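Below is one structure; the comments refer to it alone.
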Amino acid sequence: MIFTETKLKGAFVIDIDKKEDARGFFARTFCQKEFREHGLNPNFVQANVSYNDKKGTMRGMHIQAAPHCEAKLVRCAEGALFDVIVDLRKNSSTFKQWFGIELSRDNFKMLFIPEGFAHGFVTLTNHTQILYQMSEFYAPGFDRGFRYNDPAFAIKWPVKVAEISEKDASWPLFASVPQGNLTC
């Protein structure tokens, strides 16, 4: 695997290292040892899938609050999406900055999201499937979020949002959330 740190410290784009032959290729998508060598939390306890029928489906922006903060490893198994993370670590030099990347079935890229980051995406194609690995179990009552179009972050989404859940559409603006409620 090839680890490239983003402009947000601790968040990495991970490319697979393909071993190709006439059949296609083989590549590793996770190795606990390599994650540890890069200072990343390799202790995934849960895996999830998100399937989205329509281009323009928005999910986010989500974070799980303390004491259930979670790191995530995400990749796109079908279709394509624009994946976005926001650094909500109060003492970080990149606090409130965002990073976005296209993840697709064709580019095989993955994104490692450390604890303390909000996460969301918009689908770029119909029939998009996203796979997640999480370092913490889902904890009802500790899920938090803010609106995908919050002016505090000015995220530049590449497509218009066509579908969004009522819950995601009604998250508060970041400025109205008590300090510490969204952070780990």
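Each reported figure results from applying straightforward, stated rules to the coordinates on display, with no laboratory input. This structure is a prediction, so every number in the text was calculated from the model and none was measured. Using ideal geometry, Cβ is built from the backbone for each residue, glycine included, and neighbour counts are taken over all protein chains shown.
At each listed q (0.14, 0.15, 0.19 Å⁻¹), what is the log10 of I(q)/I(0) that the Debye formula gives for the chain modelled as equal alpha-carbon point scatterers? Taking Cα atoms of the chain as identical point scatterers yields -0.75, -0.87, -1.41. Each other residue within a Cβ distance under 9 Å of Thr94 adds +1 if Lys or Arg and -1 if Asp or Glu, for a net charge of +3.
Trypsin sites (Lys or Arg not before Pro) within segment 99-184: which are DSSP loop residues with at most 12 other Cβ atoms inside 10 Å? List each step's numbers first, then the result.
Values: sites: Arg105, Lys109, Arg144, Arg147, Lys156, Lys160, Lys167; in loops: Arg105, Lys109, Arg147, Lys156, Lys160.
Hits after loop and neighbour filter: Lys156, Lys160.
What order do you get for Asp53, Asp168, Asp21 when you list them from fewest to most C-beta neighbours inside 10 Å? It would help to have the intermediate numbers written out before the result.
Working: Asp53 10, Asp168 19, Asp21 7.
If I rank by nearby Cβ atoms, fewest first, I get Asp21, Asp53, Asp168.
Distance between the modelled labels on Phe142 and Ser170, one decimal in nanometres: 2.4 nm (7 Å Cα→Cβ projection).
Of Asp17, Asp143, Asp87, the residue with the greatest mean-square motion in the GNM of the chain, using alpha carbon springs below 10 Å, is Asp17.
Exposure proxy check: Cys31, Cys69, Cys76 ranked by fewest other beta carbons within 10 Å? It would help to have the intermediate numbers written out before the result.
Details: Cys31 11, Cys69 20, Cys76 27.
Starting with the residue having the fewest Cβ neighbours, the order is Cys31, Cys69, Cys76.
Around Met134, what is the net charge, scoring Lys/Arg as +1 and Asp/Glu as -1 over all other residues with Cβ under 9 Å from its Cβ? Here the charged neighbours net out to -1. With θ taken as phi - 60° and the Karplus curve 6.51 cos²θ - 1.76 cosθ + 1.60 applied, the whole-hertz 3J(HN,Hα) list for segment 144-152 is 9, x, 9, 5, 4, 10, 5, x, 5 Hz, x standing for glycine and proline. Extending 7 Å from Cα along the Cβ direction at Gln97 and again at Lys9 yields two label points whose distance is 1.0 nm.
For the chain, relative contact order (Cα pairs under 8 Å, six or more residues apart, normalised by length) works out to 30 percent. The calculated 222 nm mean residue ellipticity attributable to helices in the chain amounts to -1000 deg cm²/dmol, summing -39500 (n - 2.57) over DSSP H runs of n ≥ 4 and dividing by all residues. Ranking of Val74, Val161, Val86 by neighbouring Cβ atoms within 10 Å, starting from the fewest: Val161, Val74, Val86. Positive contributions from Lys and Arg (+1) and negative ones from Asp and Glu (-1), summed over other residues with Cβ under 15 Å from the Cβ of Ile85, come out at +3.
In this simple spin-label model, placing a label point 7 Å from the Cα along the Cα-to-Cβ direction at both Lys33 and His68 gives a separation of 3.4 nm. Summarising the amide proton neighbourhood of Thr57: residues at separation of 5 or more, or on other chains, whose placed amide H is nearer than 5 Å comprise Thr123, Ala162, Glu163. Subtracting the Cα-Cα distance of Ile2 and Lys18 from their residue separation scaled by 0.36 nm leaves 4.7 nm. Go through Lys33/Lys96; Lys55/Lys109; Lys72/Lys160; Lys18/Lys156 and tell me which ones have a Cα-Cα distance over 21 Å in this structure. As for pairs spanning more than 21 Å Cα to Cα, those are Lys33/Lys96; Lys72/Lys160; Lys18/Lys156.
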